[in-house]
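Reading through the structure tokens given below for one structure.
The values are calculated or read from the model by the stated rules, or taken from the named source; none is laboratory data. Small disclaimer: the values here were computed from a predicted structure and weren't measured. All Cβ positions, glycine included, derive from the backbone under ideal geometry; neighbour counts span all protein chains shown.
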Amino acid sequence: MPAWGWLALRTEIGVRLWGLQVVARALRTVWPEQAVWLLRKYGASIGQEPDINPPLVIHHALGDFSHLTIGSGCHLGKEVLLDLCDRVTIGAETTVSMRVMILTHLDVGRSPLKRAAFPRRQAPVTIGAGSYLGAGAIILPGVTVGKFAVVGAGAVVTRDVPERAVVAGVPAHVLRTIGPEQVRG
């Protein structure tokens, strides 16, 4: 048990009484090392030397955080939102800047649009190793961002991003490609 045993005890009791939402709420207020410990304890796979900066918003974790994989050396900025309806895989040495949203499902709720054109759907999201997601970017369900790709701040990514591509805009489109000689690794 970590030095902050009060957190372990409080979350364990809370999970038994009210479910995983207690942990999701705690991730909004804890210290970075506590966030990593909580994510791992409740099923997330996290590599070595993560840099996770709460508040972290977890949405739709179904029973545990096993849908979340974060590679070694990743940085997650403040107020990142991770929708865990389906798998979210973030490759090693990736930067996910503040207020990025990674979404794995679409659900219009009780709206009549559900029957007409937008049935509920979900799909995993994969962010390749060494990539950079700029502040406020939105990654939609089913998207794969290739290795060493750059997603500009505020971009809405609706389609897969090729390796070493630089994308920006709404919807995001390729601006240029980074040459292999410009990327270490």
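Restricting attention to segment 102-126, report how many residues are in contact with a strand residue (DSSP E or B) (Cβ under 8 Å, 6 or more places away or on another chain) and either buried (at least 19 other Cβ atoms within 10 Å of the Cβ) or of a type in the set (S, T, N, Q) (or both).
6
Hey, can you tell me all the residues within segment 51-75 that are under 11 Å from the mean Cα position of the chain (by Cα) and hydroxyl-bearing (S, T, Y)?
The one that is under 11 Å from the mean Cα position of the chain (by Cα) and hydroxyl-bearing (S, T, Y): T69.
Of the conditions (1) in contact with a Ser or Thr (Cβ under 9 Å, 6 or more places away or on another chain); (2) surrounded by 14 or more Cβ atoms within 10 Å (Cβ to Cβ); (3) over 25 Å from D64 (Cα atoms), P171 clears all except one; give me its number.
(2)
Only one of I90, I46, I70 is of a type in the set (V, I, T), touching a Lys or Arg at 6+ places or on another chain (Cβ under 6 Å) and at pLDDT 95 or above. Can you tell me which?
Going through I90, I46, I70 in turn, just one is of a type in the set (V, I, T), touching a Lys or Arg at 6+ places or on another chain (Cβ under 6 Å) and at pLDDT 95 or above: I46.
Name the residues in segment 149-166 that are surrounded by 21 or more Cβ atoms within 10 Å (Cβ to Cβ) and part of a loop (DSSP other than H, G, I, E, B), would you?
Across segment 149-166, the qualifying residues are A149, A155.
May I ask you to list the residues in segment 41-54 that are of a type outside the set (S, T, N, Q) and surrounded by fewer than 15 Cβ atoms within 10 Å (Cβ to Cβ)?
Listed by number, the residues that qualify are E49, D51.
Could you grab the pairs with beta carbons closer than 6 Å, sequence gap of 6+ or different chains, first residue in segment 147-172 and over 19 Å from V80 (Cα atoms), second one in a loop (DSSP other than H, G, I, E, B) and hydroxyl-bearing (S, T, Y)?
Pairs found: P171/T158.
Are any residues in segment 21-64 of a type in the set (D, E, K, R), within 14 Å of V80 (Cα to Cα) and in a helix (DSSP H, G or I), and if so, which ones?
Residue satisfying the conditions is R25 alone.
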